[in-house]
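Input: a single structure, listed below in structure tokens.
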Amino acid sequence: MNILVVGNGSREHAIAWKLSQSSLVENVYVAPGNAGTAQIATNLSLEQNNFEALADAAVKYEIDLTMIGPETPLSQGIVDHFQIMGQRIFGPTQSAARIESSKVFAKNLMRKYGIPTGDFAVFQSFDTARDYVKKQNLPLVIKADGLAAGKGVIIAYTQEEALEALESFMVEKVFGDAGRSVLIEEFLSGREVSVFGFTDGVHCSNLIAACDYKRAYDYDLGPNTGGMGSYSPPSFWNEELSNEIRSKIMLPTIKALASEKSKYKGILYGGVILTSDGPKVLEFNCRFGDPETQVVLPLLVSDMPSILTAVIEERLDEIDISWSNESCVGIVVTSAGYPANFDIGYKIDGLDNVDEEGIIFHGGTKNADLPNDGIVTNGGRVLTVVSKADDMNIARSKAYQNVETIRFEGASYRNDIALNI
Ligand code: GLY
């Protein structure tokens, strides 16, 4: 098979890395990719929103299957476009991707079909939302309806914070149309877990779980980021919990989407919180998580292209998907200043010094303009450094040993990934 992966982050490097290990795969292409994907695949200099160019490339390079990493092209209908062009593609259609691209759609679906989630109300008018907030207990969760690069969720502990969030989403329109509708949700407390299941629209695979770290600094301080690290599996994850989430959340959601003429095929990512009333959905995403993918795919024992093909052909019930019993830890190394302003173009040293089993998934990297200048930083989240072992603590210390061998100006990372879990 020839496979095309769309995206340019560490998640897409991990996907390309896993796919390229399959004996079924001849060539992997990544569009646009990064310096890491260039080492294991062929990068194509095409942007993720240029559907026509991507579909043309699928013809030119005789691609058998395309896999999409990020949510934006999915929410803009890349799967529909490829299907019209007769190209095989893994991922949900634009209509099914609304499970992530419209929080209002997702919450209404959960309410209609009895899928456990927090209570909520939807507003299009700032004045009505403000009056509602004044009558609610705190904290409250204020969420923009549309995609907002992970920044559209505010937990408001005071009335002032709630009103500030409403003002910024609905009046200042910091997220443009994504904040046209706003959800005000009940705050739920408990352990959070990211769960992933492959689905062909009817069946759902066994689930794998990971935890991620969203804040920039140790002990969950600082601003929200696109993810500073992750580990899999969580210590509380077991077959009983997995079966409960699969039967009460994942399968009913897949069925609900099919009933709404939005059959969902791809990987379904549930952001789940374990409350004292049982697991509830915080949100759904229509793709693999980042940085969870970087710790989940090294644990996948089964052949990945066979899974993707079974999803597309709607015969997921015919295959077994097995995961290793090991533990995996990933530490994200960022540019200084991330997630706010940061500089790029710094040379990265030490990439070859990691131990044999360590894996480095590149995110914001590129090959320097001059061939002898090596690899340089090209984004905020530069690398995910991953180790796996029989024991989480060993995986953690191996990952940190490897992180310490990597050097570039301003390299920053959290010190508490997978600590005391
Ligand atoms: N880990 C959060 C996300 O992928 O959205």
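Mind checking which residues of segment 296-321 are in contact with a strand residue (DSSP E or B) (Cβ under 7 Å, 6 or more places away or on another chain) and free of Cβ contacts under 8 Å to residues at least 60 places away in the same chain? Of everything in segment 296-321, just one residue is in contact with a strand residue (DSSP E or B) (Cβ under 7 Å, 6 or more places away or on another chain) and free of Cβ contacts under 8 Å to residues at least 60 places away in the same chain, namely VAL301. Close Cβ contacts (under 9 Å, 6 or more residues apart or on different chains) running from residues in segment 212-240 that are in contact (Cβ under 8 Å) with a residue 12 or more places away in the chain to residues that are away from the ligand (no atom under 12 Å from the Cβ) and of a type in the set (Asp, Glu) comprise TYR213/ASP220; TYR213/ASP416; LYS214/ASP220; ASP218/ASP416; TYR219/ASP416; GLY229/ASP416.
Just one of SER22, SER102 is more than 16 Å from the ligand (Cβ to nearest atom) and hydroxyl-bearing (Ser, Thr, Tyr); which is it? Among SER22, SER102, only SER22 is more than 16 Å from the ligand (Cβ to nearest atom) and hydroxyl-bearing (Ser, Thr, Tyr).
Among the residues of segment 38-80, those that are polar (S, T, N, Q) and within 24 Å of GLU100 (Cβ to Cβ) comprise GLN48, ASN49, ASN50, THR66, THR72, SER75, GLN76. For segment 274-328, taking the residues that are within 16 Å of the ligand (Cβ to nearest atom) and of a type in the set (A, V, I, L, M), the one that is nearest to SER247 (Cα to Cα) is identified as VAL281.
The C-beta contact set for segment 268-295 (first residue in contact (Cβ under 8 Å) with a residue 24 or more places away in the chain, second residue near the ligand (Cβ under 10 Å from one of its atoms) and basic (Lys, Arg), distance under 7 angstrom, 6+ apart or interchain) comprises TYR269/ARG287; PHE288/ARG11; ASP290/ARG11; THR293/ARG11; GLN294/ARG11. The single condition among (1) touching a residue at least 60 places away in the same chain (Cβ under 8 Å); (2) more than 16 Å from the ligand (Cβ to nearest atom); (3) among the polar types (S, T, N, Q); (4) surrounded by fewer than 19 Cβ atoms within 10 Å (Cβ to Cβ) that SER205 does not meet is (4). Filtering segment 81-99 to residues that are free of Cβ contacts under 8 Å to residues at least 40 places away in the same chain and part of a loop (DSSP other than H, G, I, E, B) leaves MET85, GLY86, GLN87, GLN94.
Conditions tested, residue by residue: (1) among the aliphatic types (A, V, I, L, M); (2) surrounded by 14 or more Cβ atoms within 10 Å (Cβ to Cβ); (3) within 16 Å of ASP131 (Cα to Cα).
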{"residue": "GLY152", "(1), (2), (3)": "no, yes, no"}
{"residue": "TYR157", "(1), (2), (3)": "no, no, no"}
{"residue": "GLU160", "(1), (2), (3)": "no, no, yes"}
{"residue": "ALA165", "(1), (2), (3)": "yes, yes, yes"}
{"residue": "LYS173", "(1), (2), (3)": "no, no, no"}
{"residue": "GLY179", "(1), (2), (3)": "no, yes, no"}
{"residue": "VAL182", "(1), (2), (3)": "yes, yes, yes"}
{"residue": "GLU185", "(1), (2), (3)": "no, yes, yes"}
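In the set (1) assigned to a helix (DSSP H, G or I); (2) touching a Gly at 6+ places or on another chain (Cβ under 8 Å), SER194 fails one condition alone, (1). List the pairs whose first member sits in segment 43-62 and is under 11 Å from VAL30 (Cβ atoms), whose second member is charged (D, E, K, R), and whose Cβ atoms are under 8 Å apart, counting only residues at least 6 apart or on separate chains? Note: no pairs meet the criteria. Filtered by the rule that a residue be in a helix (DSSP H, G or I) and crowded, with 20+ Cβ neighbours inside 10 Å, segment 58-68 gives a lone residue, ALA58. Filtered by the rule that a residue be hydrophobic (A, V, I, L, M, F, W, C), within 30 Å of GLY86 (Cβ to Cβ) and assigned to a loop (DSSP other than H, G, I, E, B), segment 303-359 gives ILE319, ILE321. Restricting ALA149, ALA106, ALA178, ALA129 to those that are part of a helix (DSSP H, G or I) and modelled with pLDDT under 95 reduces the list to ALA178. Scanning segment 285-328 for residues that are under 17 Å from the mean Cα position of the chain (by Cα) and among the polar types (S, T, N, Q), we see that the one that is nearest to GLY271 (Cα to Cα) is ASN285.
Those residues that are of a type in the set (Gly, Ala, Ser), surrounded by fewer than 20 Cβ atoms within 10 Å (Cβ to Cβ) and touching a strand residue (DSSP E or B) at 6+ places or on another chain (Cβ under 6 Å), I need them from segment 1-57; list them, please. Those that are of a type in the set (Gly, Ala, Ser), surrounded by fewer than 20 Cβ atoms within 10 Å (Cβ to Cβ) and touching a strand residue (DSSP E or B) at 6+ places or on another chain (Cβ under 6 Å): SER20, SER45.
For segment 224-266, the set of residues classified as of a type in the set (Ser, Thr, Tyr) and within 19 Å of GLU292 (Cα to Cα) consists of THR225, SER230, TYR231, SER232, SER235, SER242, listed by residue number.
Where residues in segment 250-273 are more than 19 Å from the chain's Cα centre (by Cα) and among the polar types (S, T, N, Q), which of them is nearest to the ligand (Cβ to nearest atom)? My answer is SER262. Among the residues making up segment 210-226, those that are more than 10 Å from the ligand (Cβ to nearest atom) and among the charged types (D, E, K, R) are ARG215, ASP218, ASP220.
Determine, yes or no, whether ARG191 is within 16 Å of the ligand (Cβ to nearest atom), in contact with a Lys or Arg (Cβ under 9 Å, 6 or more places away or on another chain) and basic (Lys, Arg). Answer is no for this residue.
The values are calculated or read from the model by the stated rules, or taken from the named source; none is laboratory data. These numbers were taken from a predicted model, which means no experiment stands behind them. FYI the Cβ positions are ideal-geometry reconstructions off the backbone, even for glycines, and counts take in every protein chain you see.
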